[in-house]
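Structure record follows, encoded as C-alpha cells.
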Amino acid sequence: MKKVIITSVFMLITLVCFAQTCAEKFVELDTNQDGLISRTEANADAIVSNWFDIIDTDADDYINLAEFANFCS
Ligand SMILES: [Ca+2]
Ligand SMILES: [Ca+2]
C-alpha cells in the first residue's frame, strides 16, 4: 500500500514537472508574446516545427496554448 502511494506521488511530481516544462517551452517559442506560436516561431524548435500540422489541430496556422498542451500530454 505504501509503495502504491509513493509511486502515485512520484508520478504526480513527474506530471507537474512535465506540465511546467511544456508551458515554459510555449513561452520560449512565442517570441512576440501574442499567445500563439506561428510557423516562423516554431522553426526555433525542430520537434515543434516537424509536428506543426499535427499540433495545430484547428489548422489556423498558429499553435495556441491548448493545442500545445494537448501535444505535450
Ligand atoms: Ca507568437
Ligand atoms: Ca491552431
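The values are calculated or read from the model by the stated rules, or taken from the named source; none is laboratory data. Please read all numbers here as calculations on a predicted model, not as lab measurements. All Cβ positions, glycine included, derive from the backbone under ideal geometry; neighbour counts span all protein chains shown.
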Note to self: Yes or no: the range 19-41 includes at least one residue that is at pLDDT below 90, out of contact with any helix residue (DSSP H, G or I) (no Cβ under 9 Å at 6 or more places or on another chain) and assigned to a helix (DSSP H, G or I).
What the structure shows: yes
Next item on the list: Could you grab me the full set of residues in the range 52-61 that are near ligand 2 (Cβ under 9 Å from one of its atoms) and surrounded by fewer than 18 Cβ atoms within 10 Å (Cβ to Cβ)?
Entry: 57, 58, 59, 60, 61
Item checked: Members of the range 29-49 found to be under 15 Å from residue 67 (Cα atoms), away from ligand 1 (no atom under 11 Å from the Cβ) and either polar (S, T, N, Q) or exposed (fewer than 12 other Cβ atoms within 10 Å of the Cβ) (or both), listed by number -> 47, 49
